[in-house]
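Scroll down for the structure; my scribbles are underneath it.
The values are calculated or read from the model by the stated rules, or taken from the named source; none is laboratory data. In this text, all values refer to a predicted model and were calculated from it rather than measured experimentally. All Cβ positions, even for glycine, are placed from backbone atoms using ideal geometry, and neighbour counts span all protein chains on display. To get the accessible areas, we keep the full protein, side chains included, count just its heavy atoms, and leave off ligands, DNA and RNA. Shrake-Rupley method; radii C 1.70, N 1.55, O 1.52, S 1.80 Å.
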Amino acid sequence: MARALFEEDPGLNDRRRSRLCLVLNGATLAQDIELLDRYRDKVDLVEVRADFLTPEELSALDRFPSFFDRPAILTVRRVCDGGSFRGSEAERSALYRRASGGDWAAVDLETDFTDRELASEFGRRGVRIIRSFHDFSGVPSDLVERVRQVAPGELPKAAVMPRTTAEVFRFLAACFRLRHREKIILAMGDFAVATRIVSAKIGSAISYCSLPAELGRIDPEIMYSVYRFPAITRRTRLFGVIGNPIAHSFSPFIHNKGFRDLDVDAVYVPFLVDDVAAFFRIARLLGVEGFSVTLPHKSAVIPHLKEADALCRSVGACNTVVRRGRSFYGYNTDVGGFLSPLRNYFPEKRFSSLRASVIGAGGAARAAAYALASAGAKLLILNRTPQKAAVLAAEFGAESGPLGTEGFQKMEDFADLIVQTTKMGMDPDIEGDPLVGYEFKGTEIVYDLVYTPRLTRLLQRALEKGCKVINGEEMFMAQAHEQFRLFTGLESTFKNSFIADFNQSVS
Ligand code: NAP
């Protein structure tokens, strides 16, 4: 009898978890073994992708499962389904037949695979039949029906490609309609990354991971260590961050670490979002309890909230949303996060005598200008596009100017504190410096909101002249700490050194 695909029956209850399957996409058995060796403790299953193997290796394909101490799925994927197999269907059948003597737990055969006798042959050996279909063009309108058409006893597998947030919603709605059917259901591509992590919540028996992490799959190490994939069930509380782009956000690393440290059954996932209204529908459907908001959605979320707090309304930006019942409430933790590291340098009373320059006139500049002006500081706002600086300055009774000699002359009189809020200097633009030509005197406190790298070109120059410097990490950690409190009611364990620790651990 073949090895069971699932060591114990996952069932369909709320405590069911999804199994993590490592796609073995090596060209040789040795490469596949090496890949599994790297991630052995992190994955439940392996999928041998025979379509990536060299012809020489294929002759021994039936022996492959005996080299893996995990249940193995056999797959020979055609080019049209995203694989590399270029032979005829007869050749594909022959390859499956040659491998059929192996100790496979399951074999993945597409719904349009016509060799029915082959499926029976595997079935007689106790090998589970996964009956799959792929759609790389979107989310088909008959997704539910196609899954239901798969014969009872076979495990349906649907892989589709949502290209927008609205399509992710349609995909999730289909998953919920299929919640009483055992199945593998997955979405591919950048919009789908979150659904791969919470596959237990959408009722998929398996989630796939691979190296390289492509098609929305995630690196197995990150799945295990950051998202604690094996602990996620339908009951796990769900939080996240929305933005566009979102792939490089640090927030999942920070909030998930917070949950782990405090032993909270919750997960925080990144949602690539191109349509805020569609995301609110997803949040209701999936039961998202709270989410962070980053570029470019900080203003766009406000009309969808039942209530936005006074800070959101004053700054015109919301970076934290919390759900209570069916309604969503907005908060702004950027302003408090911005002020947090400054309190060490300027006790409350000294803010009123402060003369500060804000570089930039975007969303972060707005939060900084609001925070400083509310605390009584006198401001100068400089921006590449001086008109935008003038508009912002008018709101806060500040002066304004262009980036360059004329603006730098004005800065002489607003140099107790210099706050850099543009993207210049942010990885990968690490040589970027918006104040080229400005000579630091050494008395300024220089605060750069960029947090990757920790020491920007601007901060390096300021340090060399003896200035005190603050980097964006402190603001980032402070605003995240406050978000965590709003999400969970708990004090986080975040440390300011977290990003540095993280950088070290992945370098
Ligand atoms: P934004 O709204 O897009 O504003 C971008 C600003 O950067 C504008 O003033 C823009 O000038 C300026 N800019 C862009 N490219 C420039 C260039 N090549 N030369 C000169 N100026 C340039 O973005 P944002 O939300 O304000 O975010 C800006 C930065 O703050 C990002 O690096 C972000 O990571 C950081 N941030 C950090 C935290 C934290 O917690 N540490 C929080 C929020 C934001 P124009 O008006 O002329 O286009």
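At 1.4 Å probe size, put Ser492, Ser84 in order of accessible surface, largest to smallest.
Accessible-area ranking of Ser492, Ser84, largest first: Ser84, Ser492.
If the rule is a partner Cβ under 4.7 Å, which cysteines in the chain fail it?
Cys21, Cys80, Cys175, Cys209, Cys467
Give me the distance in nm between label points sitting 7 Å out from Cα along the Cα-to-Cβ direction at Asp115 and Ser249, one decimal.
With each label placed 7 Å out from Cα toward Cβ, I get 4.5 nm.
For Asp427 and Ala231 in one chain, what is 0.36 nm times their gap in residues minus the Cα-Cα distance, to one decimal in nm?
67.2 nm
Per residue, what volume in Å³ does the convex hull of the Cα atoms of region 131-268 enclose? Intermediate values should be presented prior to the final figure.
On the way: hull volume 14.9 nm³, N = 138.
About 108 Å³ per residue, rounded to a whole number.
Contact order normalised by length for the chain, with contacts defined as Cα pairs under 8 Å and 6 or more residues apart; what percent is it?
Values: 1016 pairs, mean separation 46.5, N = 507.
Reported as a whole number, the value is 9 percent.
With a 1.4 Å probe and every protein chain kept in, tell me what percent of the accessible surface of the chain is carbon plus sulfur.
Reported share for carbon and sulfur atoms: 51 percent.
Mean projection of the alpha-carbon convex hull of the chain over all orientations, in nm²?
25.4
Using R₀ = 25 Å, calculate the FRET efficiency as 1/(1 + (r/R₀)^6) where r is the Cβ-Cβ separation of Asp309 and Arg284; round to 0.05. Mind showing how you got there, number by number?
Values: r = 21 Å, r/R0 = 0.85.
After rounding to 0.05, the efficiency reads 0.75.
Computed on alpha carbon atoms, what radius of gyration and Dmax characterise region 19-172, expressed in Å?
For region 19-172, the Cα radius of gyration and maximum Cα-Cα distance read 15.8, 45 Å.
In nanometres, what is the gap between the two model label sites at Arg86 and Glu406, each 7 Å from Cα along Cα-to-Cβ?
6.2
Shape of region 339-473 from its Cα gyration tensor (a ≥ b ≥ c, root eigenvalues): rounded if a/c is under 1.5, otherwise prolate when a/b > b/c, or oblate?
It is rounded, given that a/c, with a ≥ b ≥ c, falls under 1.5.
How much of the pair distance distribution for region 268-350 lies past 19 Å, counting alpha-carbon pairs only, in percent? Could you put the intermediate results ahead of the total?
Values: 1373 of 3403 pairs.
Across region 268-350, Cα pairs with separations above 19 Å total 40 percent.
Please list, by residue number, every one of the chymotrypsin sites (Phe, Trp or Tyr not before Pro) in region 66-150 that is coil in DSSP and has at most 15 other beta-carbon atoms within 10 Å.
Details: sites: Phe67, Phe68, Phe85, Tyr96, Trp104, Phe113, Phe122, Phe133, Phe136; in loops: Phe68, Trp104, Phe113, Phe136.
Answer by residue number: Phe136.
Rounded to two decimals, what is the ratio between the C-alpha radius of gyration of region 359-411 and 2.2 N^0.38 Å?
Cα Rg divided by the expected 2.2 N^0.38 Å: 1.00.
Could you pull out which residues in region 463-482 have an amide N less than 13 Å from a spot 7 Å beyond the Cα of Leu262, following the Cα-Cβ vector?
Residues 480-482 fall inside that zone.
So what is the 222 nm mean residue ellipticity for the chain from helices alone, if each DSSP H run of at least 4 adds -39500 (n - 2.57) and you divide by all residues, rounding to the nearest 500 deg cm²/dmol?
On the way: 18 runs with 165 residues, N = 507.
The per-residue figure over the chain is -9500 deg cm²/dmol.
Projecting each Cα onto the charge dipole of region 339-473 (Lys/Arg +1, Asp/Glu -1 at the beta carbon, about the Cα centre), which of Met424, Leu403, Gly442 comes out farthest on the positive side?
Farthest towards the positive end: Gly442.
Longer than 30 Å from Cα to Cα, which of Lys298/Lys441; Lys306/Lys378; Lys388/Lys441; Lys298/Lys378; Lys378/Lys468 are they? Say none if no pair is.
Lys298/Lys441; Lys306/Lys378
Extending each Cα 7 Å along its Cβ direction at Arg40 and Asp274, get the distance between those two points in nm, one decimal.
About 4.3 nm, to one decimal.
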